[in-house]
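Below you'll find the structure, written out as structure tokens, and then a few comments.
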């Protein structure tokens, strides 16, 4: 199988390709990496849930590459993060940050999220052409997660740039360089906070590092980098994809215009319809695994196509139709199992507040370009627009 991210048609709309793959078999060989190693891709919903919760599919990528070598020079803090670990290390690291992202903790952030959203929308005027990605979907989550971590306002544009570069498919040198820039920045910020402690989430993680939780320095930097990246990438793409979906479905858009309070109940369907994370970071089999009737040998990378699973007709009737009355709970946009995105409550809160504000303040909003002319980010993992020009 060739790498589909090299095809602009796939980036614009991957779902016909996913449907064709799934119709043949929900588990099948995927692209061959630069090292010549094969892989498998999971496109079926049932098989995806199984793969995401099967302990025989390891996320410990350091162990995978230990005896294989790699030409990549990712910074260790990026290469060996919480997402790339198995229990018990994963549980220990996740426990340190889970409390910051509970529904209750996120609820306390609602006033700040609303304040930031309003400040961003205040810069728009009726009739303007606005890039919803650059002027809302990117800055809102960047500001929120940066505030949580205590990243100074002057540093946030750099953080945003490095994060985008980390997802630049087909450009390993740029990705590697961005990983070092991000890790070195976070190392410096941690050193500054040790001299001038505050009340941020990063300050609390530093206390864990220096207290009884035995968080190593590398783990501290890694957690900080991961939270910074994951804390806004998913939400940025979620917001952009959701707004585009609504703009392309006038009846559903009109429903929410009339009843903005229904946005909350619509978020799961918007996530299912166009998942902000297209494909998971890879797992690998630690022993032969049978998935969807296919035997995957030991030591083989496996990717789960979350976007494909969420459009599986075996799970969702008429999956290519956006239906805001659908019961979409159980979608896999945030993953499943022990690695399910812990920032899901924050992402949903930001999207809920932002979508309501846009629909309330700019009820005549519409696309400024035909959908086929929109520019999508070229990346294997996340699915998101590079820009979304609209008329307010």
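The values are calculated or read from the model by the stated rules, or taken from the named source; none is laboratory data. Keep in mind that what you see is a predicted model, and the values were worked out from it rather than measured. Here the Cβ is made from the backbone with ideal geometry for all residues, glycine too, and neighbour counts use every protein chain on show.
Some observations on this one:
- Flag if residue 328 is touching a residue at least 12 places away in the same chain (Cβ under 8 Å) and under 17 Å from residue 309 (Cα atoms): yes
- Elements of type strands (runs of 3 or more DSSP E) contained in the stretch 252-305, each with 2 or more residues being closer than 22 Å to residue 86 by Cα: 283-285, 289-291, 301-304
- Some residue of the stretch 122-130 being at pLDDT 90 or above, crowded, with 16+ Cβ neighbours inside 10 Å and either on the phi > 0 side of the Ramachandran plot or touching a strand residue (DSSP E or B) at 6+ places or on another chain (Cβ under 8 Å) (or both): yes
- Within the stretch 160-173, the only residue that satisfies the criterion of being over 17 Å from residue 384 (Cβ atoms) and surrounded by 14 or more Cβ atoms within 10 Å (Cβ to Cβ) is 172.
- Looking across the stretch 106-125, the residues that are farther than 10 Å from residue 350 by Cα, assigned to a helix (DSSP H, G or I) and in contact (Cβ under 8 Å) with a residue 40 or more places away in the chain come down to 107, 118, 121.
- Candidate set from the stretch 250-298 (those that are farther than 29 Å from residue 233 by Cα and in contact (Cβ under 8 Å) with a residue 40 or more places away in the chain); member that is surrounded by the most Cβ atoms within 10 Å (Cβ to Cβ): 296
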